[in-house]
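The values are calculated or read from the model by the stated rules, or taken from the named source; none is laboratory data. Keep in mind that what you see is a predicted model, and the values were worked out from it rather than measured. Counting neighbours? That spans all protein chains shown, and the Cβs are built from the backbone with ideal geometry, glycine included. Areas reflect the complete protein model, heavy atoms only, side chains present, ligands, DNA and RNA absent. Shrake-Rupley method; radii C 1.70, N 1.55, O 1.52, S 1.80 Å.
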Amino acid sequence: MNVPISYSDAGWARYLSMRVRSRHASDSLDRLRRLVAGSSSADRVLLLNSGRAALMTALGAMSASGDGRRVVVVPAYVCPSVVSAVQRLGLVPRFAPVDSDLNMITDALTRCLAPDVLAVVAVHTYGFPADVGQIERIVDGRNVLVVDDAAHCIPGDPTPGAPGTRGAAGIFSFAMSKAVSNGYSGRGGILLLNDQSLSARAESLCRGLGVCATSAWDDLYFVATCLWEPVFARLPWSAQSRIQRALARRSVDPWVPARMSSADAALALEQLRTGAADREVRAARIRTVLAAVPDGPAFWFPHRARPDRLTRLAVCLRPRLSAERIRRLGADAGMTVRVGYDMPHGKPLPFGTLIEIPLGAAWSAARLTNLASALGSIRME
């Protein structure tokens, strides 16, 4: 049996229903801006079409200072789009080591800092909170800015110091598998600016951007390849590739910066309205898995401490497994598993392999037993 990866807390029918309702929105942009601004001390909130656009706008505004610093420190384990955003601006990524929780090792950050460093991107990997406050203290007095990358986190959290609200700038993303999923990618992102001079430069960069066009092709792309993933995955690989290419050509390009549309803002607000209940369902599923599957000699769950914050459940495997062995592991567990990010700098992970396990269906006792057995069968090499 295949179990869908949880690309969104909303199933396909609910997603399409929300999308239809969102097309009639009028004041959604103002309501979303007020919600985010009211839960933070941000000087300005910019609503853009993607987390990538938000990150590039923040880094572009920072590099506009004209002092020649071009290096941006990022975690060694990170979504490839973060590194691509840095490089597209002509900036240079420098990789800081990550801890067993996959977040940046703050004690090792000092070794990455030098006079050529412009900024540090502090990522809350898979929603697990990073210690951004400690990172701010480390860079204090060095003329280095911090980007609080909360792409995997929920915007509008009123908790003081919540992910995305610290540093010179904070970002959120509404792409697939995020806490708020508006579509495949390019359907929404938020940039919080906590520095007045940075706000002015960021607004200058965004001035004149068009509004991202909401297209039925984007909805079809997301539903067909993500929310219907178990069905889509059964097609021959050649058919999957042709369909993905055809839909991608007709969908929004997430690398082209634009302003968020009112329909996308309304769709995000719909999810935020029911977000607490959705997150509790996800957290309950995660707790069920963690309680039933203790860490073993060949694997561990890096985020046991905060199941309430996670958007994905990751498993770190000590040995390096081939793609075929990972597929077999998923088959033995009775689910489709997904491999985590590649290391962006070409070096191997500090451990063997990282996989993400699905959260898109209720967990039966049999499925939990199968997962524990499959993971327990992994042997050190």
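Between residue 111 and residue 87, the modelled label-to-label distance comes to 2.4 nm, taking each label 7 Å out from Cα in the direction of the beta carbon. Placing dummy labels 7 Å off each Cα toward the beta-carbon, the span from residue 295 to residue 372 is 1.8 nm.
For a label point 7 angstrom out from the Cα of residue 216 toward its Cβ, which stretches of the range 7-39 have the backbone nitrogen within less than 19 Å? Residues passing the 19 Å test: 12-25. Mean silhouette area of the range 276-350, derived from the convex hull of its C-alpha atoms and averaged over all directions, reads 6.1 nm². Label separation (residue 37 vs residue 342): 4.2 nm, computed from points 7 Å beyond Cα along the C-beta direction.
Provide the percentage of antiparallel DSSP beta bridges, counting only those with both residues in the range 67-216; round to the nearest 5. Once the DSSP bridges in the range 67-216 are tallied, antiparallel ones form about 25 percent. Does the range 307-367 classify as rounded, prolate or oblate by the C-alpha gyration tensor (a ≥ b ≥ c root eigenvalues; a/c under 1.5 gives rounded; else a/b over b/c gives prolate, otherwise oblate)? Oblate, since a/c reaches 1.5 and b/c is not below a/b.
Using only the Cα atoms of the range 1-130, build the gyration tensor, take square roots of its eigenvalues as a ≥ b ≥ c, and label the shape rounded, prolate or oblate: rounded if a/c is under 1.5, else prolate if a/b is larger than b/c, else oblate. Oblate, because a/c is 1.5 or more while a/b does not exceed b/c. Over the range 125-202, the hull volume per residue, using the convex hull of the C-alpha atoms, is 100 Å³.
Estimated at 0.36 nm per residue, the fully extended path between residue 243 and residue 200 surpasses their Cα-Cα distance by 11.3 nm. Beta bridges assigned by DSSP with both partners in the chain are antiparallel in approximately 55 percent of cases. When Rg and the Kirkwood radius Rh are both evaluated on Cα atoms of the range 166-262, their ratio Rg/Rh stands at 1.08. Solvent exposure of the chain, expressed per residue, is 42 Å² of accessible area, with all protein chains present and a 1.4 angstrom probe. Working note: Cα gyration tensor of the range 248-381, eigenvalues times five, square-rooted, sorted largest first, giving semi-axes of 30, 21, 14 Å. Here the mean projected area of the convex hull built on the C-alpha positions of the range 108-150 is 2.9 nm². For the chain, modelled as a GNM whose springs connect Cα atoms under 10 angstrom apart, the maximal fluctuation among 324, 356, 270 occurs at 324. Residues in the range 282-292 carry Karplus couplings, in order, of 4, 4, 5, 5, 5, 4, 4, 5, 5, 5, 8 Hz; the curve used is 6.51 cos²θ - 1.76 cosθ + 1.60 with θ = phi - 60°, and Gly or Pro positions show x. Each stretch of four or more DSSP H residues adds -39500 (n - 2.57); spread over every residue of the chain, this sum gives -11500 deg cm²/dmol at 222 nm.
Given q = 0.06 Å⁻¹, what are the Debye log10 I(q)/I(0) values for the chain, with equal point scatterers placed on the Cα positions and solvent ignored? Values returned for q = 0.06 Å⁻¹ are -0.22. Where in the range 314-345 does the label zone of residue 380 land, with the point 7 angstrom along Cα→C-beta and an amide N cut-off under 15 Å? Taking a point 7 Å out along Cα→Cβ of residue 380, the residues of the range 314-345 whose backbone N falls under 15 Å are 317-320. Between 253, 30, 157, the GNM of the chain built on Cα springs shorter than 10 angstrom shows 30 fluctuating the most.
The portion of the accessible surface of the chain made up by carbon and sulfur, rounded to a whole percent, is 53 (1.4 Å probe; DNA, RNA and ligands excluded).
Segment residue 209..residue 17, full-extension length gain: 66.2 nm, with 0.36 nm per residue of separation and the alpha-carbon distance subtracted.
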